[in-house]
Amino acid sequence: MIRSLQIKIVLSLSLLIVMLLAAAVMSMLEFRKMGDSVEGVLKNNFSSIEATKKMMDALEREDSGLLLWIIGDRETGLQTIASSHAIIRSALGDAGKNITETDEPIHIAAITSTYAAYHASVLAITGEEWVPAEAKEMYDNDTKLLFAQTKKAVNELMMLNQKQMYHQSGIIQERSRRAMMPAFVSIAAAVLFALLLFYFIRFYFIRPVQHLTESIRHYYPEKGRLDAGIVTQDEFKRLEGEVNNLIMRLKRHKEPNNE
């Protein structure tokens, strides 16, 4: 069992600090959950960006495959076109599953339509026995423009998701800073409050008790009044006065008996 009043008070203050710190930690965890809720949006934006990169790379390879076909390497060109087409279709499916922005379906539809027109033009060239000059002329007059339009549509989808991801990242950082401030303030306030409370308790409570204890320990009847050196006009000062009153009554009670 703890007998020291000072230790009891310190333990009480420690409990207060622990409670405030626990509240602050819980607050931080809640703010962290708030950030985690946005993680899904950022993840979908990132997935869409990755899908557009795959589309852009595959689109470049398909165009290169067409040019290989035109210059005479038809087997390699057809293989490149087929594999690139499969990658683009798969990437379009991935982008459709990760829609997070309002205008994203419009961009995906634009990519689908422009790529369909481009790929149809590619098949139109590779599906006939064109001589290289005629195939090149058809590519320059039609397919090349469709290729540029498709690239533009893919790039617009990429820029949309990149812009939104940067925007969301900035919002999360700002919210995190704002969310953390109350927790830090509560921790600082808890520590400051505990220090101030301990100082006042020691100054107005512990020290007077110690002074009274020391004064009573070193008190002798010939000293007369008990002087504990208490300067505060509170209960301890009144207690010092009552102790002196008790001493005076004991003295008066003893004097007649001695006579």
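Listed values, structure above:
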quantity: The stretch 34-187 - Rg and Dmax from Cα coordinates, angstrom; calculated: 20.9, 79
quantity: Among ASN155, LEU67, THR100 the positive-end extreme of the charge dipole of the stretch 34-187 (Cβ point charges); calculated: THR100
quantity: Label-point separation in nm, ILE99 to GLU242, each point 7 Å along Cα→Cβ; calculated: 8.1
quantity: Residue-span extension gain [ASP140 to PHE46] - 0.36 nm each, minus C-alpha spacing; calculated: 30.4 nm
quantity: In the stretch 34-187, lysine pairs with alpha-carbon atoms under 13 angstrom apart (chain gap of 8 or more, or interchain); calculated: 6
quantity: Per-residue ³J(HN,Hα) for the stretch 128-140, Karplus 6.51 cos²θ - 1.76 cosθ + 1.60, θ = phi - 60°, Hz, x for Gly and Pro; calculated: 10, 8, 7, 6, x, 5, 5, 5, 5, 5, 5, 5, 5
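Every number in this text was worked out from the coordinates using simple rules, so none of it is lab data. Keep in mind that this is a model prediction, so the values were computed, not measured. Neighbour counts are summed over all protein chains in view; Cβ atoms, including those assigned to glycine, are modelled from backbone coordinates with ideal geometry.
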